[in-house]
Amino acid sequence: MALLFCGLDVAMDETAICVVDDQGKILLETTCVSDPVAIRDVLKPYLERLRRVGHEAGSLSPWLHPEMLKLGLPAVCLETQHVRAALSAQRNKTDRTDALGIAHIMRTGWFRQAHIKSESCYRLRLLLTQRRNLKAKFLDIENTIRHSLKAFGIKLGGASRGTFDQAVREAVAQDPLTAELMDAMLTARAMLWKQYCRLHDLVVRFVAGNELCRRFMQIPGVGPVTALSFMTAIDDPSRFRRSRDVAAYFGLTSRRWQSGTSIDVQGRISKAGDPDVRRALYEAASALMTRFKRKDKVKTWGQQIAKRSCHRKACVAVARKLAVIMHAMWTDGTFYIGDPAVSAQDMAARTALKDRKLLGAHR
């Protein structure tokens, strides 16, 4: 009895479905609403022989994939880059041909499976995402105000975040129209900052009650956002066979382009994976290199790289090492000791002080 393979091209409203056998013969091409039960009903006549049901990772995947598994469908979530490369050979791109192409990917087995995170993990990532969005909008409004006032020769370069509101109001006090306009912008800015602080407090509160995140924060430079970003991006540490694979997952390893004997380009990092985690790790590495004043093994190692290269490349190397260290701490249940000369009691005292500051700032 021939095995069957299915490809789904999922859109917000409709999903294109294609079923092929192990020889590539098309047995079914149809569409249905983008709902797990509807998809299961369409595929019900083929369930006994259905080997894999493939769909590309997308905005609906965190909901659609677990629901299809619960209904007994052998669902496989595919990495978007891999699917895009495989389907690029098609002459015409439609939902129907995409579903057919995914079905053939399932049949040949030439695919890479994407990890679907847990629901609780997605909720925490949503918290980090909306916190970042509010901060970006806040900065957009502030920069818009600064740029608008330049037309009148008003420069606010020296105004800090705390004195910005008062400086703007004083600068436009003699112009009623501009003063009213700026009042609206400053009110919106203040509300965005208030809600941003609210979400940041939620982040700090969760990190304060999470043992793993507090262990990550033993590393100098690693704060609540970096710790939570790393934890939610990994979700399940066992899916990485080696800790050093995590650095490549976040795009912190060198990219290489080699062809024949004449072309072999390598150097810059790949920047694959989650950009928010990569940015957080880089900021943590920069803080460790510049703001941490005590001795630390990783800091000393980074300073040696900076001497023979540059500070920016040293920060990238330290960020890569921090990702490896944090994953190893997670899998082994170990703690970070940056300076071998520091006793266990001193390290415990530093950790307790850091925890008290974290908890006390948001009581």
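The values are calculated or read from the model by the stated rules, or taken from the named source; none is laboratory data. The structure presented is a predicted model; accordingly, all values stated were derived computationally and were not measured. Virtual Cβ from ideal backbone geometry, glycine too; neighbours counted across all protein chains shown.
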Output for the range 231-255, where each listed residue is under 11 Å from the mean Cα position of the chain (by Cα) and within 12 Å of residue 121 (Cβ to Cβ) = 231, 232, 233, 234
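Looking only at residues that are outside any helix (DSSP H, G or I) and among the aliphatic types (A, V, I, L, M) in the range 166-211, which one is farthest from residue 331 (Cα to Cα)?
Per the stated criteria, the residue is 173.
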message = Which of the numbered conditions does residue 2 fail, given that it passes all the others? Conditions: (1) surrounded by fewer than 15 Cβ atoms within 10 Å (Cβ to Cβ); (2) in contact with a Ser or Thr (Cβ under 8 Å, 6 or more places away or on another chain).
response = (2)
note = In the range 324-339, anything of a type outside the set (A, V, I, L, M) and outside any loop (DSSP other than H, G, I, E, B) is listed as 327, 330, 331, 332
Members of the range 174-194 that are closer than 12 Å to residue 152 by Cβ and among the hydroxyl-bearing types (Ser, Thr, Tyr) = 178
message = Just to be sure before I move on: is residue 1 at pLDDT 95 or above, farther than 19 Å from residue 94 by Cα and outside any strand (DSSP E or B) in the structure I sent?
response = no
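Being β-branched (Val, Ile, Thr), surrounded by 10 or more Cβ atoms within 10 Å (Cβ to Cβ) and closer than 28 Å to residue 199 by Cβ is the requirement here; does residue 172 meet it? Quick ask: steps written out before the conclusion?
Numbers: β-branched (Val, Ile, Thr): yes; surrounded by 10 or more Cβ atoms within 10 Å (Cβ to Cβ): yes; closer than 28 Å to residue 199 by Cβ: no.
Answer is no for this residue.
Only strands (runs of 3 or more DSSP E) wholly contained in the range 12-126 count here; list those with 1 or more residues that are hydroxyl-bearing (Ser, Thr, Tyr) and in contact with a helix residue (DSSP H, G or I) (Cβ under 7 Å, 6 or more places away or on another chain).
On the way: elements: 14-21, 26-33, 50-56, 75-78.
Per the criteria, 14-21, 26-33.
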query = Can you tell which of 65, 55 is at pLDDT 95 or above, surrounded by 13 or more Cβ atoms within 10 Å (Cβ to Cβ) and under 30 Å from residue 199 (Cα atoms)?
reply = 65
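Identify all residues within the range 321-335 that are farther than 18 Å from residue 239 by Cα and either among the hydrophobic types (A, V, I, L, M, F, W, C) or buried (at least 16 other Cβ atoms within 10 Å of the Cβ) (or both); write none if there are none. Step through it out loud before you land on a result.
So the first thing to find is which residues in the range 321-335 are farther than 18 Å from residue 239 by Cα, and the list is 321-322, 334-335.
Residues satisfying the conditions are 321, 322, 335.
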query = Any idea which of (1) at pLDDT below 95; (2) part of a helix (DSSP H, G or I) is the one residue 305 doesn't satisfy?
reply = (1)
ask   = Can you tell me which residues in the range 225-269 are loosely packed, with under 15 Cβ neighbours inside 10 Å, part of a loop (DSSP other than H, G, I, E, B) and either without any contact (Cβ under 8 Å) to a residue 60 or more places away in the chain or in contact with an Asp or Glu (Cβ under 7 Å, 6 or more places away or on another chain) (or both)?
value = 241, 242, 260, 261, 262
task = Considering only residues that are at pLDDT 95 or above and either surrounded by 17 or more Cβ atoms within 10 Å (Cβ to Cβ) or outside the structural domain of residue 37 (by TED's automatic domain parsing) (or both), look in the range 68-91 and name the one that is farthest from the chain's Cα centre (by Cα).
result = 73
Failed item, numbered, when residue 219 is tested on (1) out of contact with any Cys (no Cβ under 6 Å at 6 or more places or on another chain); (2) assigned to a helix (DSSP H, G or I) = (2)
key: Members of the range 270-309 that are loosely packed, with under 15 Cβ neighbours inside 10 Å, small (Gly, Ala, Ser) and in contact (Cβ under 8 Å) with a residue 12 or more places away in the chain   = 270
